[in-house]
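Remarks on the structure that follows.
The values are calculated or read from the model by the stated rules, or taken from the named source; none is laboratory data. Treat the numbers as computed from the prediction; the structure is a model and nothing was measured. Every residue, glycine among them, receives a Cβ derived from its backbone with ideal geometry; neighbour counts consider all protein chains shown. All accessible areas refer to the heavy atoms of the entire protein, side chains included, with ligands and DNA or RNA removed. Shrake-Rupley method; radii C 1.70, N 1.55, O 1.52, S 1.80 Å.
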Amino acid sequence: MEKENNIALSSAGTSRVRQRKRSNEVIPEPSKPNGGTLLVDDRNKYKSMWIRTYSTVWMIGGFALVVYMGHLYITAMVVVIQIFMAKELFNLLRKAHEDEHLPGFRLLNWHFFFTAMLFVYGRLLSQPLVNSVTPDKFLYQFVSSLIKYQMAICYFLYIAGFMWFILTLKKNMYKYQFRQYAWTHMILIVVFTQSSFTVANIFEGIFWFLLPASLIVINDIFAYIVGFFFGRTPLIKLSPKKTWEGFIGASVTTMISAFVLANILGRFQWLTCPRKDLSTGWLQCDPGPLFKPEYYTLPGWISQWFPWKEISILPVQWHALCLGLFASIIAPFGGFFASGFKRAFKIKDFGDSIPGHGGITDRMDCQMVMAVFAYIYHQSFIVREGISVEMILDQVLTNLTFEEQQTLLAKLGQILQDRLGHS
């Protein structure tokens, strides 16, 4: 009997050890139905394609309407998307049981969010706001004061949130609260750092927002279509339905689309003119050399087969090829990052409620990566170096009071009169 008991105890002990070892092992995620199935082999692909096409048409139509309405409405759309993204990310690491013991703690996240929004958009939109209220002396002085002390206001708002956080710390909840505090700051860095470039692109001219955004959409659509019909070779494990065929086909299509689309969009002043104020009126400006067509004579053998003897190309089309190359090769990795992020936390996309668009977060990450590159490219290779009259006027209107501006005008007039007298 003692031997049998010893044997039973030893076998129970070994089974416990095995269970402990198994519990420490990393168990791979169970594969979902059709999760690793390529689109070309998916039986429901035509139904999925129809739903995706139908919802895409409506989304593109709504997006086109917002673009037509102008810069402020596009900026409002970006802000709304930011709020939804922040809401989903804030909820990601929240635990209902802990939040019950921390009343009002959720409001702290939004306090930091709107403080960051005031800081980022206050700096981005300060000059357009000044230009909008210049005719009204009282508003001009009020807005100038706000802009002057904007950084201090945001700093003290942040300090107020920091003190609020310290005062809400509770015993046995420290780890959870500090995790939420760090998570909130990471969200603010990711969301605002990248999306602020999007708003900056909008006010440089809708062209610099619309073209990069369109290239991401085109790349995503044709990666789906080519993979739908020809995809056989998996591209990356994070996105099982992505294929090399779809990736290469979408890259070629995006490059061609970038060259053609830049020619079409670059001919509308509404899209190419920068917005210097916060009005919604129609824009007229000198498009600049980038948007003035250059004519090239075609070889004789081409004119024999086609009715064209020359073609017109906008210089911006050559820059568009660089944007297309980035949208084809680098920007998709933003989507892969989002896919890995969702798998790591085992969460669904907030776009799952939209039929056929369960990967909206992936596309938004691609758009953000693309927006940063478009802004850096524009500032590095497009904007002319040196000091312009507009830059000086912006500094004068922003940093000098009305009386100082009058003094500057009088002195400048006197200097010009002296120079004319000597000449």
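Under the condition of being more than 21 Å from Glu204 (Cα to Cα) and modelled with pLDDT under 90, the residues counted in segment 236-281 number 7.
Name the single residue, out of those in segment 104-156 being outside any helix (DSSP H, G or I) and within 27 Å of Val190 (Cα to Cα), that is modelled with the highest pLDDT.
Taking segment 104-156 as the starting set, the residues that turn out to be outside any helix (DSSP H, G or I) are 104, 125, 134-136, 149.
Narrowing further to those that are within 27 Å of Val190 (Cα to Cα): 104, 125, 149.
Details: Gly104: 80, Leu125: 88, Tyr149: 92.
For segment 104-156, the residue satisfying everything is Tyr149.
I'd like to check something: does segment 196-211 contain any residue that is among the hydroxyl-bearing types (Ser, Thr, Tyr), open to solvent by less than 70 Å² (accessible area, probe 1.4 Å) and either more than 24 Å from Asp277 (Cβ to Cβ) or out of contact with any Phe, Trp or Tyr (no Cβ under 9 Å at 6 or more places or on another chain) (or both)? No, segment 196-211 has no match at all.
Which residues, taken from segment 266-281, are of a type outside the set (Ser, Thr, Tyr) and not in a loop (DSSP other than H, G, I, E, B)? Full working, then the answer.
Quick first cut of segment 266-281, residues of a type outside the set (Ser, Thr, Tyr) only: 266-271, 273-278, 281.
Hits for segment 266-281 are Gln269, Trp270, Leu271.
Residues in segment 302-328 that are within 23 Å of the chain's Cα centre (by Cα) and open to solvent by less than 60 Å² (accessible area, probe 1.4 Å): Val316, Gln317, His319, Ala320, Leu321, Cys322, Leu323, Gly324, Phe326, Ala327, Ser328. Scanning segment 257-307 for residues that are over 21 Å from Leu72 (Cα atoms), touching a residue at least 12 places away in the same chain (Cβ under 8 Å) and of a type in the set (Ser, Thr, Tyr) turns up Ser257, Tyr295, Tyr296, Thr297.
The residue that is nearest to Trp270 (Cα to Cα), among those in segment 62-103 that are modelled with pLDDT of 85 or more and of a type in the set (Gly, Ala, Ser), is Gly70. Among the residues of segment 88-103, those identified as open to solvent by 40 Å² or more (accessible area, probe 1.4 Å), without any contact (Cβ under 8 Å) to a residue 40 or more places away in the chain and assigned to a helix (DSSP H, G or I) are Asn91, Ala96, His97, Glu100.
Can you work out which of the residues in segment 282-301 that are assigned to a helix (DSSP H, G or I) and surrounded by 12 or more Cβ atoms within 10 Å (Cβ to Cβ) is modelled with the highest pLDDT? If you could, list the steps in order and put the result at the bottom.
We begin by selecting, within segment 282-301, every residue assigned to a helix (DSSP H, G or I); these are 289-291, 300-301.
Then keep just the ones that are surrounded by 12 or more Cβ atoms within 10 Å (Cβ to Cβ); that gives 290-291.
Details: Leu290: 91, Phe291: 94.
Restricting to residues being assigned to a helix (DSSP H, G or I) and surrounded by 12 or more Cβ atoms within 10 Å (Cβ to Cβ), the top hit is Phe291.
Screening segment 149-174 for residues that are touching a residue at least 12 places away in the same chain (Cβ under 8 Å) and more than 30 Å from Asp99 (Cβ to Cβ) and picking the one that is most open to solvent (accessible area, probe 1.4 Å) gives Met151.
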